[in-house]
Amino acid sequence: MRIYFILLFGLCLLSCDNDSKLAEEISAIDVDFNIERFDTAFMEANPEDLQDLKNQFPFLFSKRVPDSVVIAKMNDTLQVELLNEVKSKFTNLNETKDHLESLFQHLKYYEKTFEAPRVVTLTNDVDYRNSVIVNDSLVLIALDNYLGSEHKFYQSFPKYITENMTKQQIIADVAEGYANQYAYQTNRKTLLDEMVYFGKLLYFKDVMTPFLSDTEKIGYTKKQLEWAKANESSIWSYFIEKELLYSSDNKLSARFIANAPFSKFYLEKIDNESPGRLGQYLGWQIVRAYAINSGKDIMEIMQTEPEFLFNKSKYKPRK
């Protein structure tokens, strides 16, 4: 028994040493980018500055929108108030830049062709469904969606939405934008397909943003995450007993995948206590199990078909 513990301790030390070396290697990767504040530039601009703004940020101006409309927006009282609130909340973005740098370094490590994008902040009239837009060369971050869960602009929004409209959620949202770029599945028809797809997005955050907590990655409160962990086995049993995994009933996505105030088991006590998106949470644990058992690279995992991934994961819910 004593030899067993010595071996186990040695393996732990070796694992920690390997993790430390990996972290050092990633942190040494050079990624060159700046955060450009279009929100500030627009706020400080006069009508005569409009052409300069267009030249600098052509992708933010539509040819179908006349200059008169843009100039009117510059002087609109609601827009002025919105921009002032953003300026007050985000006097600098030093922490965000540090976190973005780490994310980009991890992306560069795992995807050698990755190049740091142009990063631009702006406002989008609190369109929280499009808080972040990511493509191969550009990241747009709408800061008016991250002013704080109790902000006056968000009073008409449901609480389960506003809980994640905080500064701390920016990096998780950017990472998810990239995860969507890399995730691939032939089909997304069954509940299992959707569980694995969103599980991939969350596992991508495990790898690319290890500095984030699990609550930040999934957008749960600490209490919600603890509930999901404590009830993981019961949730899994429910899915198996009701034969939901391979069902293509599109109502299941609304019940267990889509953002919602709670998951819908149609059991009053459980529904009232549960957080939403429990299908995503279980998918996350399945992908984590597959990653451990397969030893596959993150980019390969993102391309793995869901049924194969599930079968090879040997997933067992925590008791």
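Assorted remarks:
- Neighbours by Cβ (under 7 Å, 6+ apart or cross-chain): first from region 158-173, charged (D, E, K, R); second surrounded by fewer than 16 Cβ atoms within 10 Å (Cβ to Cβ): 163/149; 163/221
- Residues (part of a helix (DSSP H, G or I), modelled with pLDDT of 95 or more and loosely packed, with under 12 Cβ neighbours inside 10 Å) located in region 60-76: 68, 69
- Extreme residue, farthest from residue 308 (Cα to Cα), among residues of region 212-229 that are assigned to a helix (DSSP H, G or I) and among the β-branched types (Val, Ile, Thr): 215
- Flag for residue 305 being over 24 Å from residue 178 (Cα atoms), modelled with pLDDT of 95 or more and surrounded by fewer than 16 Cβ atoms within 10 Å (Cβ to Cβ): no
- Between 197, 290, 246, the distinction of being closer than 19 Å to residue 307 by Cα and within 19 Å of the chain's Cα centre (by Cα) belongs to 197 only.
- Subset of region 256-287 that is farther than 20 Å from residue 222 by Cα and in contact (Cβ under 8 Å) with a residue 40 or more places away in the chain - its residue that is nearest to the chain's Cα centre (by Cα): 287
- Verdict on residue 319 being touching an Asp or Glu at 6+ places or on another chain (Cβ under 9 Å), surrounded by fewer than 16 Cβ atoms within 10 Å (Cβ to Cβ) and more than 24 Å from residue 161 (Cβ to Cβ): yes
- Which listed residue is buried (at least 16 other Cβ atoms within 10 Å of the Cβ), under 30 Å from the mean Cα position of the chain (by Cα), modelled with pLDDT of 95 or more and of a type in the set (Asp, Glu), from 85, 36: 85
- Per this entry, residue 206 is counted among residues that are farther than 17 Å from residue 311 by Cα, part of a helix (DSSP H, G or I) and modelled with pLDDT of 95 or more.
- If you check 57, 61 for being in the same structural domain as residue 93 (by TED's automatic domain parsing), among the aromatic types (Phe, Trp, Tyr) and free of Cβ contacts under 8 Å to residues at least 40 places away in the same chain, only one passes: 61.
- The set of residues in region 230-248 that are in a loop (DSSP other than H, G, I, E, B) and either in contact with a strand residue (DSSP E or B) (Cβ under 6 Å, 6 or more places away or on another chain) or in contact (Cβ under 8 Å) with a residue 40 or more places away in the chain (or both) comprises 231, 244, 245, 246, 247, 248.
- Residue match in region 94-111 (condition: of a type in the set (Phe, Trp, Tyr), within 17 Å of the chain's Cα centre (by Cα) and assigned to a loop (DSSP other than H, G, I, E, B)): no
The values are calculated or read from the model by the stated rules, or taken from the named source; none is laboratory data. As the structure is a prediction and not an experimental result, all values here were calculated from the model. Note: ideal-geometry Cβ built from the backbone for every residue, glycine included; neighbour counts use all protein chains shown.
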